[in-house]
Every structure is written in structure tokens, then in C-alpha cells.
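Participant: What follows is a single structure, and I will ask about it in a moment.
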Amino acid sequence: MIGGLFVYNHKGEVLISRVYRDDIGRNAVDAFRVNVIHARQQVRSPVTNIARTSFFHIKRANIWLAAVTKQNVNAAMVFEFLLKIIDVMQSYFGKISEENIKNNFVLIYELLDEILDFGYPQNSDTGVLKTFITQQGIKSASKEEQAQITSQVTGQIGWRREGIKYRRNELFLDVLEYVNLLMSPQGQVLSAHVAGKVVMKSYLSGMPECKFGINDKIVMEAKGKGNGGISGNTDSDPARSGKPVVVIDDCQFHQCVKLSKFETEHSISFIPPDGEFELMRYRTTKDISLPFRVIPLVREVGRTKMEVKVVLKSNFKPSLLGQKIEVKIPTPLNTSGVQLICLKGKAKYKASENAIVWKIKRMAGMKETQLSAEIELLETDTKKKWTRPPISMGFEVPFAPSGFKVRYLKVFEPKLNYSDHDVIKWVRYIGRSGLYETRC
Amino acid sequence: MTDSKYFTTTKKGEIFELKSELNSDKKEKKKEAVKKVIASMTVGKDVSALFPDVVNCMQTDNLELKKLVYLYLMNYAKSQPDMAIMAVNTFVKDCEDSNPLIRALAVRTMGCIRVDKITEYLCEPLRKCLKDEDPYVRKTAAVCVAKLYDISSSMVEDQGFLDQLKDLLSDSNPMVVANAVAALSEINEASVSGRPLVEMNAPTINKLLTALNECTEWGQVFILDALSNYSPRDAREAHSICERITPRLAHANAAVVLSAVKVLMKLMEMVSADTELVSTLSRKLAPPLVTLLSAEPEVQYVALRNINLVVQKRPDILKHEMKVFFVKYNDPIYVKLEKLDIMIRLASQANIAQVLGELKEYATEVDVDFVRKAVRAIGRCAIKVEPSAERCVSTLLELIQTKVNYVVQEAIVVIKDIFRKYPNKYESIISTLCENLDTLDEPEARASMVWIVGEYAERIDNADELLDSFLEGFHDENAQVQLQLLTAVVKLFLKRPADTQELVQHVLSLATQDSDNPDLRDRGFIYWRLLSTDPAAAKEVVLADKPLISEETDLLEPTLLDELICHISSLASVYHKPPTAFVEGRGAGVRKSLPSRGVVAEETSTQQPTVIPNQESLIGDLLSMDIGGPPPAPAPSSNVDLLAGGLDVLLGGGPEPGASAAAVPGGASGLLGDIFAVSAAPASYVPPKQCWLPADKGKGLEIWGTFSRQNGQPRMEMTFTNKAMQPMTGFAIQLNKNSFGVYPVGGLAVGAVGAGAGAEAALPLATHGPVQRMDPLNNLQVAIKNNIDVFYFACLIPAHILFTEDGQLDKRVFLTTWKEIPAANEVQHTLSNVVGTADSIAQKMTLNNIFTIAKRNVEGQDMLYQSLKLTNNIWVLLELKLQPGNPEATLSLKSRTVEVATCIFQAYEAIIKS
């Protein structure tokens, strides 16, 4: 298992060092610094073996987090755990930075003591940790409270404590989708998939049992005509005939969801943590409506000039508005000047990014606009040809490009006197760009 | 209130100051001081001098302060064992505290203090904590047992902690179960005896599967990893475990998913392949594996390394998922390279068009390694997917036109392979290749180009000029290029003898007279002799048809792959190496292997490790042999005449004309082995060395070997050649159980073998080892270990080395026994190419412990009655019928154990021909 954990700043100075196992010596700290942080070339692997000692590292904003071991550990678990530590630290003191880590090193040691025992990860749910590891030191809790803490840390429902009360029972569902696209210059879709997640914010009293329904193809076909809806469902789609379904390639759930029940009955039931959490993640590849299409036209005119024309088409219902649209058109390294004309939004050549950045605040569906640029190039003697990186774009649209729909979310709390009807529910759909690239 | 100020104390007299602060009466000040101490400790300053003062702060009701002091204790207790004792009382007291958090903290910390005297005191509190009413304390105590085992395994075993830990497997709290499983797994793996101390049985497994649904994500990983070590009794049990584990594939934690994949992959081996379960599982495995690719890049990397294994083991699972492995522009380089690897593996006729389009795109990227790999991948596609070859070649040509130096070089290296795969198809592009001759500066590319020029000399008008231009700087070339040049010029000469005589003489003199490289010199001499004695034979040897090259490259060796499948998600699967390669000592655990599925699986598993060289690989791939490092040259005399004379004898009256011709390109080692065998007469026959482990299968280690019998003891004789870049050390050998109970006496006397060097080893064998019937009977599976890896191969023991010296039967006994053995136990065999008289044959036989009892002449035929005894006391009686002038002889064999007949016939043939 994990033998030790080190945190370094970008210079390789140790900020946190915690050794869990006897086989890891102090020199391991230096070995990683010398061989990885101070290494000349770019990092070629997140796992490094130095003198029969393995180092797993992740780097976030100038901070290196490294786990060390001499055993044949579960590598996926080590990385998941390192990411979890980042998560825990962020929820305790915000951004991961040298400053913040130094400011909270006592807290970090306390956390590391709790969530990793002899190299074995323990309960690392921030909600639970916060009940007994606080920056003020432990409050002298009463006996009952202590028992409650321990039962929760080890409990079957380790993510929620008993006795939560709200005057108004409310829940928010955000369906957040990232559309990923790789398109050839000729407009052929090379690969496209949607990575979606459902983020839930729950403010519910007691220990509510929730049941969540979506327009998953398997469920819908099994049930025939399913019934049910949800308040605030703004996006009913009359254009398509019948009920649209989504084919989900794969989905993953928060640990609160009863997986065995999903496997057998295909129903998503759970007792939610209090506050915000990610209920599920899913991936779809079929019938994705691509909100935007980029059509590039690049012409090299001699050795010192290039002409670029980019047409942008929005491809969704005219009543909807796309926002935060940004198209990034890479330019050669030897660009000396750029003349730009665009019909809509603002475009600028950013030398530091080697790209033309074209921003449009809003754009309705089924519209078309374009940008033309003349790029002047410096004559260079470098033999290396400029390899055109793809044109990437960013956007946000108010619908789910995969066709994902929430059908219902029912809440049952038998012990308290509120019913499903008393809960106020909100649903929002957001489609964002993931890696949305068109080769040119 | 920030803590960063503690990092900035660098004043003089700091320790002294801290000391006084630690002893302060004010609680706050004390706490501040301890924080400063911890900060100093973190940055690596030695603050062990403050030990007594810090320990004094331990008795406090402030939990934060207590934790800090404990942290300090864990770090320094080992260096101050005597003073650490001072802390014991507090620990013991804390273990009785009313607050479960404090009880757990105490037992957790105590286990981390590796001081004998403290460990003694740990047992009682630990025993209590394992039965504590609070699950939080129990789960902490469970891990503490593993800590104690690490310090003193005997104490854990003697004090009955194992049983207590086992009881925790049925605890009502899932997290306690999970930690208990983790601790037990670790103890099992580390167990001194190498055998698990606590066996998992079906009821325990059932409890674990129940706990699996309820514990934390990490607990699920522990349980799944433990399940992967369990082998169900039958297919039905495997089936039910599979069903209960499949839901885990939808977990958000990649480690849970991968561990579940590991268990499922392993269990799928147990269920017969055509059942519905296997196809359902195959279908269910694909989506979660694909989803892992949208995780953080580090997790993606681990996933990709594992997918690489899954694809090799079960190519069907992901065969339709090519697109998800397309490289994204912003992927980190390590993700890109892994994706590319998997793309090549998944390439098939159905998706080749897309793949090629992508690869072409990648070949224009920035990262040099990545581009090279992409170019190489295009070549692999051409070889793997035949209909795409044409497009691949034209893509490669386009890339050559870009004139980017490393792209061109890489392209030429792969085109050489394409030529090999599709002879007489794409040679029209040679002229384009020749245009780039001058830009090549890497040895591999230059060698490939020279090979192409030599191989197709008849189609390249100015081949002589091209090669001549290379010769100018002959001595500055890499050895690999020099060897290729030599071969290429000889090829050219054989094809166009008229106008290249001068050239070939030039290159031969360069190679034989002006070079220090024994390999080059030897090859030069061989060519020289060949050309001067028999140009026709030379043509046959040098221009012989080359064996086909394989379609897949970089495939893992099947046994290693199976082992790695058992280690999915672990570091071993990331490194693609068995744990023994990177874990020290007992932590490496027992070697894991996939469960077998009755008879069918067994059969395949015995065949898997075989790399028995067939005729093809013996003759070898001319090119790959050329490129390897120099094989060992035992005492190469620089005296030209002597060596040439030796070779003359060899080629003229050599022992085995066919074999020696075949071995010519193999360099000196095989030939010299033969010389020794011949000159060492009269002795028993020693077959020429065969390549048991080719360098490309042995990560650079090449082993040639044979068997002999000397002074009544069988021996294994091996030549080790290190063709890798790094020295090899720590050689060890192991033989699998075999039909004749052959096992090594003493170790392998091979020390370190430097890069490019070689070593000889003779391993005496004994024959009373454990016996297991092999097929063929004389098959021997060998494992060779060195610092790099463990390699497996199989070879055939020539039966005659197992013939004992006391195999002579009395005449009468022979007669009666011959009559006693039923006719059903008689086997006949015809020997061909028999030369020599009955007497000379009998003499040869005697040297090999085949004793002639009597000789008769019946109607012009010579009858030899012979007997022999195998080391396992099987008597064999034979009758050999020879006709003078007839190269065919009839051999009849009688034995109570007639199965040995085949090996004996083989031995006869070999001996007669020797």
C-alpha cells in the first residue's frame, strides 16, 4: 500500500511529508525531487520507478502531490486517492496553492492521519470529515455526539448524518453535458460523444429516499409509455414525434446509489448527501445534436501570406440562445500581423496564444455567421512545416445535446411528515463544449 | 490565523528557544511550539533533540495537540527507543479512554511506532480494541494487526490475532470488514511460508460480497482485490460471483471499476468460452472501460495500460471501440503514446481507413517520439491488414516527401519490413527511397536502407555506386551498418558478379583486415571462404528465401500476460512486469496465474510457454541476426590462417552439412560449438546448440544450448548472450517437473554479463526429481531469471543423455526378456541416411551407452542386438537391421514402457548421423 505522501512546491521544496510505512526512507523525498521535479525533460509518465521505489504524482497549479510505495499497489486506487485528497483540501481551504498549504499544514497532517491508515485509504467523504476534523480542534463533544461521529464515519450511510431539518424542502437538479467532437476539415464527424453529469443540490429533512427517473432507452422500452413529469421541466419538445429517448452507453453513480438495484431493476434509488453532490455521470455517443458547426477554409498564398475563412453555423431551435461562444483559430508561429473581418461578435489576434480568438456573446439557433482573416507571415528558414492544430470552440447552450431528460425525482421520507408533493424541485439543462475541435 | 509563519523560523538557537516554549505553562504557547517543531520536521531539520520535551506535552486533553505530538513520536521514536518508553503509559491509558476517537487514535499510533519495547505493550490494548463496541475503533484495530505483522509476524501468529482478524470478516459493520480484508490480504501475501495463512472459503466470500454493497469506495477496492485472489470451486460459483460483482462496473471510482474488471476477467477463464455468461460479460465490460478514458489523465494512463492487457487477452471486448482511442490534441504525451499502442492492436480491415487517416494526422505532430511511433504504426498496419498495404505505402511515401529528417528515417525502417512481408510488390518505390540516402544519420535507418539496396541490387542500376559511397566512411559507421554493408555488397556481387568484383574484394578486406569487431571479421571470413570455395553454395546461403515476419509485435508473452491479468489495476499492470521485477523480498507475493478450465485449458497452458525453435527461426531472420550485438567469441585468434583453416575443415567435412550452412549467418557461436563437439571425440554425441531463447523474446537475452553426458552425468550446456543495452546479473534457473525427473544440481554459474558480452554455462543435472508426464515425453520447460525478468522456454532433451552406463544386458537375459515382452510392445522404425559399417555404428552407439549384445549376419544383412537403460530404470531392447550399401536401416524396439520409443528413435537418428 501507499508508503508515504509528499507535497512539493514548484521548486521542489517539501511542504508536507508523511511517511506511513517503514520501507520508505527520508531519501525518497529527495529522489523524487531530483528525478522528476528537477528533471530536464518533460514528464513522460505519471508513474516513475526510481531504485525499486514507485512514485505516483499529480500536479495541480504548481503543486506536486506524490505518493510513494515499494509494493505492488493498486495504481488506479492511488491516483483516485490523490485526486480525492485534492478534493478534500479544496473543500477545506479553497484553492490548492503553496500559500494555502503552508497556512493549513497542521490541518493537512490531521486529515492525512485520518484518511490514510498504514497506507490504506479510509473514509474520505468531506461531509463526514468536517463533522469531526475542524480547524478549531475537536469540540469537546458529548458522549452521544462522539458515538454519532464514529457511527457515521464507519456507517452504511457514511455520507449523511441523521437529524437534518429544513423548513422548506427543496432540491435542484443540474443536467450538465459536455459535448466532445472531432471533425475532419470536410465536415465528417471523426468522433463525438457527450460526457454528462447530473449534479444535485438537496436541502431535504431527515433521511429521504429518492427515486430518479430518466428517459433511458432501456427503461422506456421496458415500460412502454412511462408516465410522470417534473415541475420546472421547461424543455418539452413537440417537434419530435413520440417520446424521445436517450441511449446511454455507460453510466456511473455516486456511492449513495444502490448499484445492485440499478443492475437488476434499472431504477436509480438513493439517500442523498446533504447539499451539493454529483449524482451520476454518463456517456452517450448516439444521436447527438451538435449545437455548432465550424467550416474552415485555409489557403496559403505564397510563403508570407495565409487566408483563413471560418463559417460558424448554429444548429438548434431558433427560440434558444447559445452563449459564451468562442472560436479559437490557431495561427503559425511566424505570424507578423492579422487583418480580421467578422460579421458578428469580436475577433482579436492574440500573439501570446498564437491564435485568433473570436468571441460572440449570444447567438440564436439556425443562424450563420463568418469570419475572414488575412495572416501575414514572416519569412523563416525553419524547415519544419507548421502543423495546423485544430480549431477549437467553446459555448454554452440551454439544452442537453444528448437528448437526456429527467422524467421524475420522487422523494419519500416515511418518518417525517412531508410528502413528495411538498418538495420544491428545479431542473436545469446546460450543454457545454468539451473538446470541440475541427481540423483544418 | 495562519500556520505558514512556522516555516520561516531559521534563527540561531532555535532549538533552545523551542525547548523553553515547549516547557511553558501556557497551553497555547505549548501548542504553538509543537507546531513549529512539526514544521521543522517537515522541511527535514533534525529536531530529535526535543524528544523528551515534546513527549511531555502528550498528556493533554486537547486532541489537536495530542495528534501533533503523536505525529512527532511516529517520526522519531525509532531513533530514541529508550525515551519512547515514556510514552507507553499514555498510550495504554488512551486505549481505555471513553472517547472512541481517542481510543482509535492511540491504537493507530502505537502500531506505527516500531520500537520493540512499545510493541510488547501493544498486544493487550490491541486485543481489547479488536473487540471494542465502537466500529470506528474496530476498523482501526484491524489495520493495526497488519502493522504488527510487519514488525513481528511471530507475535501476530502466537497471540491469536489472526483468528480475531478472521472473526472481523463477519462483523456487522462493512467498513470493519473491508479493513479486515485489507489487513488479511497483506498478511497472506507477506507470509513467510509463501502460503496464505488464512484461506478464504465460500461462506467468507459470501459475507464479503454482502459487505461489498455497503462499504466505502476504498473498502470496495479492498474487497474486490481480495476476491481476485480467490478461486471458486466450480463454474457455478464463478458464475454467481460474476453476477454479484457486475454492478460495480457502474461505480464512479475508477479503482472500483478496474478491480471489478480484474475479478471478472479472471473468472471468465473458469467458465467455458461458449456460454452466454462470457458473451454477456464481454459486452458489459466494454462501456466502463471506455468511460475510464474521460477520467483525469493520470487515471486514464492506468486505465490505458490495463486496456492494453485486456485487448491482448480478449480482443473481442473492445474491437468496435476504435474511435475512443483517437488521440486528442491536448492529451498528455503519456496518454497519447498509450492510445496509439492500443489503436495498432485494434486495427483491422473494418476500421483501417479511419485509423490510417488518424495516423497520418499524428505523423505531423510536434512530439518526436509520438511522431516516430505513428510512422511505425502505419508500417505495422500495412503488415497486419493486407488490403491496406497499398494505402499505407503511399501514405509513407507522402511522409517521406515532407523531408522531415526523423520521419523519413522511421519510414525507411518500416518500409524495409513491408518489403519483407510483400516481396515483389512495392519495389517501384525504391528510387524514391534512394533519393533520401544522404539525409539518413541514424544507424537503424542507414542499415535498413543498405539492406534494401543489397536485397534489390538487381533492380537498382547504380546499386554499386550507392554502396561504394557508403564504403568510403566504412570505419565510422555503426557496427550494425557495417554488417549490413558487408552482406549487401556480397549480395550485389552474387547478383552482378561481372562488374562488382573489385567492390566485394574491397569490402571483404575492410571487414577482415581493418576491423576490430570479431563479429564483422568472422562474417567477412565466412563470406570470403564461401565465395572462393563454392559460389553456387554461397548463392544458396546468402540469397536464400527469408522467412515471413510476424504480424503482431510487442505482444506480451502469454504466461506473463496471464499473470498480469491477475494484477489488473496494480502497478504490475502499469509497468507490464511481474511484481517480482520491482518489489523486493516477500512483499512480491506468490506468482499468480489464471485459473484453468479443465482439460482444454490445461492443454493450452502447457503449450503456451514453448518457444521451441523450429527450423525457420533456427535459420533465423538474416536481418535481425545481423543487427544484434556481437555474440561471444570464444578465444578468437587473430591469426588469419589458423581460423580460416578451421573454417575450412568445418565447411568441408563438418559434422552436419545442412545445419552448418544454416548456421552460417548465426555468427560464430553455433559453429564453434560444433568444432568443439567434433574435436572432443571420442565422447558421447553432443547435438549442436540450438537457439532456445531468441533475443527478441528474452528482452535482449539470447540463449543457445544443448545437452551432453559427461562422466556419467547429464549436463545442460548453454551460451548466454546479452544483446541488451544494460548488464544482466542475478541469473538463476529452474526446470519444471518433467517426464524424467531431471533437475539441476547446484545453481547456474553465470555471473554478470555485460552489454554485448556472453557467457558459457554448464549445468549438471540429476534425475531423481519430481516427475510429471510431458508431451512430447522429452519436453523440458525451463525458466531463466535475471535482473530484468523471468523467461520461459521449452526444449527437448535428447534421450541418449539419459542412457546409463550400466545398460548392458547379459546375452541370455536379453533373449528371455525379448521373448517375454509381448508383441504389442514392439515398435518399428526406419532409419534413413545410414552411413558406415555395422562395426563403426556399434562403436558410436557404445560411446552413447547403447550396448551391442550380439551381432549376426543373416542373408547379407547385419543384425545388431542392443540394449540400453534409461535413468528411470526403463530397459529398452533393440534390433538394428543393416544392409550394406543401403542407406536405410530397420530398427525394432521392445520395451515394457513403449512410450519412450519416439525419443529413442530420435536419439538413434541423431547418433548415427553424428
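Participant: In this structure, does B:Lys844 turn out to be part of a helix (DSSP H, G or I) and more than 20 Å from B:Glu805 (Cα to Cα)? If you could, list the steps in order and put the result at the bottom.
Facilitator: On the way: part of a helix (DSSP H, G or I): yes; more than 20 Å from B:Glu805 (Cα to Cα): no.
Spelling it out, it is not the case that B:Lys844 is part of a helix (DSSP H, G or I) and more than 20 Å from B:Glu805 (Cα to Cα).
Participant: Out of the residues in region B:192-208 that are surrounded by 17 or more Cβ atoms within 10 Å (Cβ to Cβ) and within 25 Å of B:Asp562 (Cβ to Cβ), state the one that is modelled with the lowest pLDDT.
Facilitator: Ranking the candidates gives B:Met200 first.
Participant: Moving to a separate point now. Which residues, taken from region B:104-139, are in a helix (DSSP H, G or I), within 22 Å of B:Tyr76 (Cα to Cα) and within 13 Å of another protein chain (Cβ to nearest Cβ)?
Facilitator: The answer is B:Ala104, B:Leu105, B:Ala106, B:Val107, B:Arg108, B:Thr109, B:Met110, B:Gly111, B:Cys112, B:Thr119.
Rundown of residues vs (1) within 26 Å of the chain's Cα centre (by Cα); (2) charged (D, E, K, R); (3) within 14 Å of another protein chain (Cβ to nearest Cβ); (4) within 24 Å of B:Cys566 (Cβ to Cβ), yes/no style:
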site	(1), (2), (3), (4)
B:Ile245	no, no, yes, yes
B:Val263	yes, no, yes, yes
B:Met322	no, no, yes, no
B:Pro332	no, no, yes, no
B:Val335	yes, no, yes, no
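Participant: Return a yes/no flag: does region B:523-538 have any residue that is among the charged types (D, E, K, R), within 39 Å of the chain's Cα centre (by Cα) and in the same structural domain as B:Gly454 (by the TED database).
Facilitator: Within region B:523-538, one or more residues are among the charged types (D, E, K, R), within 39 Å of the chain's Cα centre (by Cα) and in the same structural domain as B:Gly454 (by the TED database).
Participant: All but one of (1) over 19 Å from the mean Cα position of the chain (by Cα); (2) at the interface with chain B (Cβ under 8 Å from one of its Cβ atoms); (3) more than 19 Å from B:Tyr334 (Cα to Cα) hold for A:Phe81, so report the exception by its number.
Facilitator: Result: A:Phe81 fails condition (1) only.
Participant: Quick one: is B:Lys284 part of a helix (DSSP H, G or I), within 12 Å of chain A (Cβ to nearest Cβ) and over 28 Å from A:Lys59 (Cα atoms)? Outline the logic, then answer.
Facilitator: Numbers: part of a helix (DSSP H, G or I): yes; within 12 Å of chain A (Cβ to nearest Cβ): yes; over 28 Å from A:Lys59 (Cα atoms): yes.
Yes: the conditions hold for B:Lys284.
Participant: Hey, another quick one. One residue is enough: does region B:200-213 have a residue meeting the conditions closer than 17 Å to B:Leu289 by Cβ, within 8 Å of another protein chain (Cβ to nearest Cβ), part of a loop (DSSP other than H, G, I, E, B) and not small (Gly, Ala, Ser)? Outline the logic, then answer.
Facilitator: Initial filter on region B:200-213 (closer than 17 Å to B:Leu289 by Cβ): none.
No, there is no match, as no residue in region B:200-213 is closer than 17 Å to B:Leu289 by Cβ, within 8 Å of another protein chain (Cβ to nearest Cβ), part of a loop (DSSP other than H, G, I, E, B) and not small (Gly, Ala, Ser).
Participant: For region A:77-88, state whether one or more residues are within 29 Å of B:Val115 (Cα to Cα) and not assigned by the TED database to the domain that holds A:Gln255. Working first, answer last.
Facilitator: In the first step, residues of region A:77-88 are kept if they are within 29 Å of B:Val115 (Cα to Cα); the result is A:78.
Of the ones still in play, those that are also not assigned by the TED database to the domain that holds A:Gln255 are A:78.
Within region A:77-88 (the criterion being within 29 Å of B:Val115 (Cα to Cα) and not assigned by the TED database to the domain that holds A:Gln255), the answer is yes, since at least one residue qualifies.
Participant: Here's something else I'd like to know. Testing A:Leu297 on (1) loosely packed, with under 14 Cβ neighbours inside 10 Å; (2) assigned to a loop (DSSP other than H, G, I, E, B); (3) of a type in the set (A, V, I, L, M), one condition comes back false. Which one is that?
Facilitator: The number of the failed condition is (2).
Participant: Here's another thing I want to ask about it. Test A:Lys410 against the criterion of being in a loop (DSSP other than H, G, I, E, B), farther than 19 Å from A:Val301 by Cβ and in the same structural domain as A:Val179 (by the TED database), and give yes or no. Walk me through how you get there before you give the answer.
Facilitator: Details: in a loop (DSSP other than H, G, I, E, B): no; farther than 19 Å from A:Val301 by Cβ: yes; in the same structural domain as A:Val179 (by the TED database): yes.
Considered against the rule, which asks whether it is in a loop (DSSP other than H, G, I, E, B), farther than 19 Å from A:Val301 by Cβ and in the same structural domain as A:Val179 (by the TED database), A:Lys410 comes out as no.
Participant: While we're here: Checking B:Tyr76 against (1) assigned to a helix (DSSP H, G or I); (2) surrounded by fewer than 19 Cβ atoms within 10 Å (Cβ to Cβ): exactly one of these is not met. Which one?
Facilitator: If we test B:Tyr76 against (1) assigned to a helix (DSSP H, G or I); (2) surrounded by fewer than 19 Cβ atoms within 10 Å (Cβ to Cβ), just (2) comes out false.
Participant: For B:Ile187, only one of the following conditions fails: (1) assigned to a helix (DSSP H, G or I); (2) within 11 Å of chain A (Cβ to nearest Cβ). What is its number?
Facilitator: (2)
Participant: Within the set of pairs 6 or more residues apart or between chains, which connect a residue that is modelled with pLDDT of 80 or more inside region A:114-142 to a residue that is crowded, with 20+ Cβ neighbours inside 10 Å and basic (Lys, Arg) with Cβ atoms less than 7 Å apart?
Facilitator: Qualifying pairs under 7 Å: A:Asp117/B:Arg108; A:Phe118/B:Lys147.
So that you can scan it fast, the table gives a plain yes or no per residue for (1) farther than 27 Å from B:Asn436 by Cβ; (2) assigned to a loop (DSSP other than H, G, I, E, B); (3) in contact (Cβ under 8 Å) with a residue 12 or more places away in the chain:
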{"site": "B:Val310", "(1), (2), (3)": "yes, no, yes"}
{"site": "B:Ile317", "(1), (2), (3)": "yes, yes, yes"}
{"site": "B:Asp331", "(1), (2), (3)": "yes, yes, yes"}
{"site": "B:Leu337", "(1), (2), (3)": "no, no, yes"}
{"site": "B:Ile342", "(1), (2), (3)": "yes, no, yes"}
{"site": "B:Leu396", "(1), (2), (3)": "no, no, yes"}
{"site": "B:Val408", "(1), (2), (3)": "no, no, yes"}
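Participant: For residues in region B:558-579 being within 9 Å of chain A (Cβ to nearest Cβ) and assigned to a helix (DSSP H, G or I), which is modelled with the lowest pLDDT?
Facilitator: Among those residues, the one meeting the criterion is B:Pro579.
Participant: Which residues, taken from region B:783-811, are under 26 Å from the mean Cα position of the chain (by Cα), outside any loop (DSSP other than H, G, I, E, B) and within 25 Å of B:Phe851 (Cα to Cα)? Walk me through it before giving the result.
Facilitator: Going through region B:783-811, the residues under 26 Å from the mean Cα position of the chain (by Cα) turn out to be B:783-797.
If we keep only those that are outside any loop (DSSP other than H, G, I, E, B) too, we end up with B:783-785, B:790-796.
Selection gives B:Leu796 alone.
Participant: For region B:337-353, which positions are more than 10 Å from every other protein chain (Cβ to nearest Cβ) and under 30 Å from the mean Cα position of the chain (by Cα)?
Facilitator: Keep residues of region B:337-353 that are more than 10 Å from every other protein chain (Cβ to nearest Cβ), which gives B:339-353.
Across region B:337-353, the qualifying residues are B:Lys339, B:Leu340, B:Asp341, B:Ile342, B:Met343, B:Ile344, B:Arg345, B:Leu346, B:Ala347, B:Ser348.
Residue by residue, here is whether (1) crowded, with 23+ Cβ neighbours inside 10 Å; (2) touching a Gly at 6+ places or on another chain (Cβ under 9 Å); (3) of a type outside the set (Phe, Trp, Tyr) holds:
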{"site": "A:Gly4", "(1), (2), (3)": "yes, yes, yes"}
{"site": "A:Asp23", "(1), (2), (3)": "no, yes, yes"}
{"site": "A:Val47", "(1), (2), (3)": "no, no, yes"}
{"site": "A:Ile63", "(1), (2), (3)": "no, no, yes"}
{"site": "A:Thr69", "(1), (2), (3)": "yes, yes, yes"}
{"site": "A:Phe79", "(1), (2), (3)": "yes, no, no"}
{"site": "A:Lys84", "(1), (2), (3)": "no, no, yes"}
{"site": "A:Val88", "(1), (2), (3)": "no, no, yes"}
{"site": "A:Lys95", "(1), (2), (3)": "no, no, yes"}
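Participant: What's the total number of residues in region B:54-112 that are among the small types (Gly, Ala, Ser) and over 49 Å from the mean Cα position of the chain (by Cα)? Outline the logic, then answer.
Facilitator: First, pick out the residues of region B:54-112 that are among the small types (Gly, Ala, Ser): B:77, B:79, B:84, B:87, B:98, B:104, B:106, B:111.
Within this subset, residues satisfying the condition of being over 49 Å from the mean Cα position of the chain (by Cα) are B:87, B:98.
Result for region B:54-112: 2.
Rundown of residues vs (1) closer than 21 Å to B:Asp3 by Cα; (2) in contact (Cβ under 8 Å) with a residue 40 or more places away in the chain; (3) among the polar types (S, T, N, Q); (4) in a helix (DSSP H, G or I), yes/no style:
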site: A:Ile58; (1), (2), (3), (4): no, no, no, no
site: A:Ala67; (1), (2), (3), (4): no, yes, no, no
site: A:Phe79; (1), (2), (3), (4): no, no, no, yes
site: A:Leu82; (1), (2), (3), (4): no, no, no, yes
site: A:Ile86; (1), (2), (3), (4): yes, no, no, yes
site: A:Met89; (1), (2), (3), (4): yes, no, no, yes
site: A:Lys95; (1), (2), (3), (4): yes, no, no, no
site: A:Ile101; (1), (2), (3), (4): yes, yes, no, yes
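Participant: Just the residues that are away from chain A (no Cβ under 11 Å) and of a type in the set (Asp, Glu), please, taken from region B:53-98.
Facilitator: Matches in region B:53-98: B:Asp53, B:Asp82, B:Asp94, B:Glu96.
Participant: Go through (1) of a type outside the set (Phe, Trp, Tyr); (2) part of a strand (DSSP E or B); (3) surrounded by fewer than 19 Cβ atoms within 10 Å (Cβ to Cβ) and name the single condition B:Leu780 misses.
Facilitator: (3)
Participant: Is there a residue being within 20 Å of A:Ser184 (Cβ to Cβ), away from chain A (no Cβ under 14 Å) and crowded, with 20+ Cβ neighbours inside 10 Å anywhere in region B:407-422? Steps first, answer last, please.
Facilitator: First, the residues of region B:407-422 that are within 20 Å of A:Ser184 (Cβ to Cβ): none.
Scanning region B:407-422 turns up no residue that is within 20 Å of A:Ser184 (Cβ to Cβ), away from chain A (no Cβ under 14 Å) and crowded, with 20+ Cβ neighbours inside 10 Å.
Participant: In region A:166-215, how many are in contact with a Leu (Cβ under 6 Å, 6 or more places away or on another chain), part of a strand (DSSP E or B), of a type in the set (Gly, Ala, Ser) and within 14 Å of chain B (Cβ to nearest Cβ)?
Facilitator: So the count comes out to 2.
Participant: Where residues in region A:1-44 are closer than 21 Å to A:Ile96 by Cβ and in a helix (DSSP H, G or I), which of them is nearest to the other protein chains (Cβ to nearest Cβ)?
Facilitator: Checked region A:1-44; the qualifying residue nearest to the other protein chains (Cβ to nearest Cβ) is A:Val29.
The values are calculated or read from the model by the stated rules, or taken from the named source; none is laboratory data. As the structure is a prediction and not an experimental result, all values here were calculated from the model. Every residue, glycine among them, receives a Cβ derived from its backbone with ideal geometry; neighbour counts consider all protein chains shown.
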